[in-house]
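Please read the structure below before turning to the comments.
The values are calculated or read from the model by the stated rules, or taken from the named source; none is laboratory data. The structure displayed is predicted, hence computed values, not measured ones. FYI the Cβ positions are ideal-geometry reconstructions off the backbone, even for glycines, and counts take in every protein chain you see. Side chains included, ligands, DNA and RNA excluded: accessible areas come from the protein's heavy atoms. Shrake-Rupley method; radii C 1.70, N 1.55, O 1.52, S 1.80 Å.
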Amino acid sequence: MQNILERILTTLCSERLKNYWEDLHPVAFAIFDEKDVLLYNHPKCNGESYIKLDKTEQFHACTCILFEEVPTAIVDTTLYNSFEDIYSLLVHESFHVFQHLSGESRYPDEILGFNYPIDFNNIQLRVLERKRLFEAFVSTDQKEKQQKINEFIILRDKRTELFPDYVEYENSVETIEGPAFYVEYQALNDVSSNQENVISKYAEQLLDSNLSHINIRSSCYNSGLFICLLLDDISKDWKVEFIKSNLNLYQFFKNAFPYYTPVEINIPNTSEEVFQIINNAKTTKSIAFANFNKSEGIKLTVSGAVKLAGFDPMNITQFNKQALHHNFLSVKLINKDYFIKQPVCTTFENNFRDIQLIELFLNQPPIHMDNRIIIENIGEIEGTIISKEPNAIHIVV
């Protein structure tokens, strides 16, 4: 990890970052593994190039955090095999810090994402819309490019009429994540030895219709990226204007496109493809929950006054009134916070933040003392144990 940091320090500089996005500059960041955190450009460094810290629960996943009240980009180096991937992810998360410092406020309402419907008409139009977006990007004929962009806008506006709240959720995710993936792409393209493979990676994620409808949130990252890439062709100074704008990325893009003409377009009959996408999405989600329920260990169920405190929106599978958090979950039980670094299933009623119960599997049996249990790597939970079996415990808090 030390070698990676030293290479990052020689690569990540103001001149390079400004080539990815105007005014983007180095911010506080950290890379870490299972044991150590290497912190850079943070007041805690006190003049040193970087300092080494012991890893704590605060350093988890790839995201941006407030570390000692300073917005800090963090990247888990154990998740990636190459310097190129770690570097581009660090630029991505640094951009999120840049957004925060720039006063960004166009964040998505995650409740809408959790309740996003699996609807035939939406999927049919959405698949076609994403194809038109990519066709516009790859087209080298200016007239054809304009036509494809025009059709993309018509399809997006049609979906907005039919599903206003859910398309607004997509627009908001694209607004926050699209530019971050744009600078990630620029960074990866900058340091990669095979630039053709770079765009192919993102194109595959944009056009995979099955994956695009299993996790709506992550699918918006790539559509947001390609909207940004098309903006490069439309407006020279769009990045500076966009940061100052109150518009979401799609509306900003539509306003910047001078050739928009609303016309009727033919929607091909893709019923068989759409039904396959729907069945695949439902099956894939069902399998994820089934595999979770087959996990080894002691099943712990906690119900009662459970509040969601923190989660990773990039790694969630939601189906009906349940959410499977694949990486971690932070919850509040009776005004006490718990960080659970493992797969956790939550059941909720209407608002996914108001949890009815959580379920997880323990490798070691908890210590039972009166009206509380002590769980390794999680902590002490106080409540009423209503069921205790060799392989299952249910506690009400």
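Go through the stretch 103-142 and count every residue that is among the hydroxyl-bearing types (S, T, Y), closer than 17 Å to N210 by Cα and open to solvent by 50 Å² or more (accessible area, probe 1.4 Å). Don't jump to the end; show me each part of the working.
First, pick out the residues of the stretch 103-142 that are among the hydroxyl-bearing types (S, T, Y): 105, 107, 116, 139-140.
Retained after the next criterion (residues that are closer than 17 Å to N210 by Cα): 116.
Remaining after also requiring open to solvent by 50 Å² or more (accessible area, probe 1.4 Å): none.
Final tally of qualifying residues: 0.
When the stretch 334-351 is examined, which residues are found to be farther than 30 Å from N280 by Cα and at pLDDT 90 or above? Break it down into steps so the answer makes sense when it comes.
Our first condition is that a residue be farther than 30 Å from N280 by Cα; within the stretch 334-351, this holds for 334-339.
Hits for the stretch 334-351 are K336, D337, Y338, F339.
All but one of (1) part of a strand (DSSP E or B); (2) in contact (Cβ under 8 Å) with a residue 24 or more places away in the chain hold for N327; state the number of the condition that does not hold.
Failing condition for N327: (1).
Look through N150, N122 and report the one residue that is within 27 Å of N351 (Cβ to Cβ), assigned to a helix (DSSP H, G or I) and of a type in the set (S, T, N, Q). Working first, answer last.
On the way: N150 fails: within 27 Å of N351 (Cβ to Cβ).
From the options N150, N122, the qualifying one is N122.
Of the conditions (1) assigned to a strand (DSSP E or B); (2) open to solvent by less than 30 Å² (accessible area, probe 1.4 Å), F352 fails just one. Which one is it?
With (1) assigned to a strand (DSSP E or B); (2) open to solvent by less than 30 Å² (accessible area, probe 1.4 Å) applied to F352, the lone miss is (1).
Take the residues in the stretch 158-186 that are free of Cβ contacts under 8 Å to residues at least 24 places away in the same chain and open to solvent by 20 Å² or more (accessible area, probe 1.4 Å); name whichever of them is nearest to P258 (Cα to Cα). Please lay out each step first, then the result.
Taking the stretch 158-186 and keeping what is free of Cβ contacts under 8 Å to residues at least 24 places away in the same chain, we get 160-161, 164, 167.
Filter once more, so that each one left must be open to solvent by 20 Å² or more (accessible area, probe 1.4 Å): 160-161, 164.
Details: T160: 21, E161: 22, P164: 24 Å.
For the stretch 158-186, the residue satisfying everything is T160.
Based on what the data block shows, is I234 surrounded by fewer than 20 Cβ atoms within 10 Å (Cβ to Cβ) and touching a helix residue (DSSP H, G or I) at 6+ places or on another chain (Cβ under 8 Å)?
In short, yes.
Going by what's in this entry, would K44 be described as touching a residue at least 12 places away in the same chain (Cβ under 8 Å), surrounded by fewer than 16 Cβ atoms within 10 Å (Cβ to Cβ) and basic (K, R)? Break it down into steps so the answer makes sense when it comes.
On the way: touching a residue at least 12 places away in the same chain (Cβ under 8 Å): yes; surrounded by fewer than 16 Cβ atoms within 10 Å (Cβ to Cβ): yes; basic (K, R): yes.
The answer is yes for K44.
Name the one entry in Y80, Y87 that is of a type outside the set (S, T, N, Q), open to solvent by 50 Å² or more (accessible area, probe 1.4 Å) and within 14 Å of M1 (Cβ to Cβ). Full working, then the answer.
Working: Y87 fails: open to solvent by 50 Å² or more (accessible area, probe 1.4 Å).
On inspection, the qualifying residue turns out to be Y80.
Where residues in the stretch 1-41 are part of a helix (DSSP H, G or I), aliphatic (A, V, I, L, M) and open to solvent by 10 Å² or more (accessible area, probe 1.4 Å), which of them is farthest from E241 (Cα to Cα)? If you could, list the steps in order and put the result at the bottom.
Step one: of the stretch 1-41, the residues part of a helix (DSSP H, G or I) are 2-11, 14-20.
Now drop any that are not aliphatic (A, V, I, L, M), which leaves 4-5, 8-9, 17.
Still in the running and open to solvent by 10 Å² or more (accessible area, probe 1.4 Å): 4, 9.
Numbers: I4: 34, L9: 30 Å.
Result: I4.
Residue under question is N291, and the condition is that it be open to solvent by 20 Å² or more (accessible area, probe 1.4 Å), in a loop (DSSP other than H, G, I, E, B) and either out of contact with any helix residue (DSSP H, G or I) (no Cβ under 6 Å at 6 or more places or on another chain) or over 28 Å from T56 (Cα atoms) (or both); does it hold? Let's see the steps before the verdict.
On the way: open to solvent by 20 Å² or more (accessible area, probe 1.4 Å): yes; in a loop (DSSP other than H, G, I, E, B): no; either out of contact with any helix residue (DSSP H, G or I) (no Cβ under 6 Å at 6 or more places or on another chain) or over 28 Å from T56 (Cα atoms) (or both): yes.
No; evaluated as a whole, the condition is false for this residue.
In the stretch 257-288, which residues are open to solvent by less than 30 Å² (accessible area, probe 1.4 Å) and of a type in the set (A, V, I, L, M, F, W, C)?
Step one: filter the stretch 257-288 for residues open to solvent by less than 30 Å² (accessible area, probe 1.4 Å), giving 257, 274, 277-278, 281, 285, 288.
F257, V274, I277, I278, A281, A288, listed by residue number.
Between a residue in the stretch 223-234 that is over 8 Å from F253 (Cβ atoms) and any residue that is polar (S, T, N, Q) and buried (at least 24 other Cβ atoms within 10 Å of the Cβ), which pairs come within a Cβ distance under 8 Å, given they are 6 or more apart or on different chains?
G224/T175
For A203, only one of the following conditions fails: (1) more than 18 Å from S82 (Cβ to Cβ); (2) more than 22 Å from the chain's Cα centre (by Cα); (3) not charged (D, E, K, R). What is its number?
It is condition (2) that A203 fails.
Could you count how many residues in the stretch 305-323 are over 20 Å from V173 (Cα atoms) and either open to solvent by less than 40 Å² (accessible area, probe 1.4 Å) or in contact with a Pro (Cβ under 8 Å, 6 or more places away or on another chain) (or both)?
2
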